[in-house]
Amino acid sequence: MKAAVFSYPPGIKVIEVPEPQPGEGEVLIRVKAVALCGTDLRIARRGHADISEGEKRILGHEVVGVIEEVGKGVDDLAPGMKVAIAPNYGCGKCYYCIQGLTHHCPEGKALGITENGGFTEFMVVPQKAVSQGNVFPLPGETDLVSIAFVEALACVVHGFLPLGVGFRDRVLIYGAGPIGLMFLELAQLQGAKEVWMADLSEDRLKVAQERGAKTIVVGKEKVKERIKEAEVVVVAAPSPDAQKEALEIAGIYGRINFFGGLPPQVKEVALPSNLIHYKELVVTGTTKSNNFHFRSALDLLLQEQLDLSYLVSHVLPLERIEEGLSLMERQQSLKVVIVPE
């Protein structure tokens, strides 16, 4: 079968690999769609701490497909089921796992990062992931391509919940890419009074405008001159300057999420911490997602509380994965979905 395999020096090649077979407690998935993620792009270009020199890894962690075969002992899943796969699973026994925080397990694994993922025709979901409920059955009529990004939405749900957005809130979001647009949709779903989005790309901001946001073109306009104060600020962009400015724009008792990780060359950011003190700000960051976030994201889509199908800007075959990565790199796409077959 074909697979997009990462190896060092950093790069991805589509090659032939053996078709995996499910062992006891495992599930074999025929992959139908996998959304590209910023993490995939970073690994493809720079590598990853959890992938050692000499290792090869099939990437892809935003996976939906159909069960092809189940291993011995799997009795609640069956061939033919459409499913979505949550990628993060833990040891199941540690302090974090027993709280459901499997994404913080010290021995945690992630499909498509520490383990082989979905940029291939078939993938095996390991026994621990199956037993922890990472295989989510979907209704038979589900359009898999249109929800392939559910894992990304799960990460946004994780970042959104601590902010407590309500009908009295003005929300400012730095970054009008797919993640920022998901934050926009959730803020509007919660009835936010006003949502602003700031970005360098006028094309991306046009999409945000169409979805109901007020927009600021960073570089041509100053954010602080357009929106004086916001109750909620989300930094969904890898920008130290936006992190600093977030503290200035947040109002009294404001809530801030530094959602976007910074580039590795940025080791520290000097923040005006007196603003946190005197304005009594709540500043947090969130990373990854667990099965609760994944289930919540899936419900939002399946129950049609959100329609995010417009985020899928490109659907490409596996052989054109490098084209998809380049589109992301040049910010000429929203969500790129890879269809292996």
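Of note:
- Under 20 Å from Lys13, Cα to Cα: aspartates and glutamates that are on another chain or at least 8 residues apart: Asp40, Asp50, Glu53, Glu55, Glu62, Glu115, Glu121, Glu319, Glu322, Glu323, Glu329, Glu341
- Estimated inter-spin distance, Asp241 and Phe167, nm [label 7 Å along Cα→Cβ]: 3.8 nm
- Overall Cα dimensions of the range 201-294 - principal axes, largest extent first, Å: 37, 35, 29
- Fraction of accessible area attributable to carbon and sulfur, the chain (%, probe 1.4 Å): 50 percent
- Residue among Asn274, Val234, Val171 farthest towards the positive dipole end of the chain, charges placed on Cβ: Asn274
- Links that overshoot a 23 Å alpha carbon limit, given the list Lys109/Lys244; Lys222/Lys244; Lys228/Lys335; Lys267/Lys288; Lys2/Lys288: Lys109/Lys244; Lys228/Lys335; Lys2/Lys288
- Full extension of the chain between Arg330 and Glu221 yields a length gain of 37.0 nm, computed as 0.36 nm times the residue separation minus the alpha carbon distance.
- Accessible surface ranking that places the most exposed of Lys288, Lys2 first, with a 1.4 angstrom probe: Lys288, Lys2
- For q = 0.12, 0.24 Å⁻¹, Debye-computed log10 I/I(0) when each Cα of the range 20-129 counts as one equal scatterer: -0.43, -1.33
- For the chain, the solvent-accessible area of protein heavy atoms averages 46 Å² per residue (probe radius 1.4 Å; ligands and nucleic acids excluded).
- Cα→Cβ-extended label distance, 7 Å offset, between Tyr8 and Leu77, nm: 3.2 nm
- Shown is the FRET efficiency for Gln190 and Val339, computed with R0 = 30 Å from the Cβ-Cβ distance and rounded to the nearest 0.05: 0.35.
- Taken along the Cα-to-beta-carbon direction at a fixed 7 Å, the label points for Glu304 and Gln209 span 3.0 nm.
- Contact order relative to length of the range 73-139, as percent, for alpha carbon pairs under 8 angstrom and 6 or more apart: 41 percent
- For the range 226-341, the orientation-averaged shadow of the C-alpha convex hull comes to 10.4 nm² (one quarter of the hull surface).
- Full extension of the chain between Asp50 and Lys228 gives 59.9 nm of extra length, using 0.36 nm per residue less the Cα-Cα distance.
- Among Pro240, Pro126, Pro263, the largest mean-square fluctuation in a Gaussian network model of the chain, built with springs joining Cα atoms closer than 10 Å, belongs to Pro263.
- Amide hydrogen neighbours beyond the local backbone of Val5, cut-off 5 Å, H modeled: Lys13, Val14, Ile15
The values are calculated or read from the model by the stated rules, or taken from the named source; none is laboratory data. Since the model is a prediction, treat every value here as computed from it, not as a measurement. When we count neighbours, we look across all protein chains shown, and the Cβ atoms used for this are built from the backbone with ideal geometry, even at glycine. Note: areas computed on protein heavy atoms with side chains; ligands, DNA, RNA excluded. Shrake-Rupley method; radii C 1.70, N 1.55, O 1.52, S 1.80 Å.
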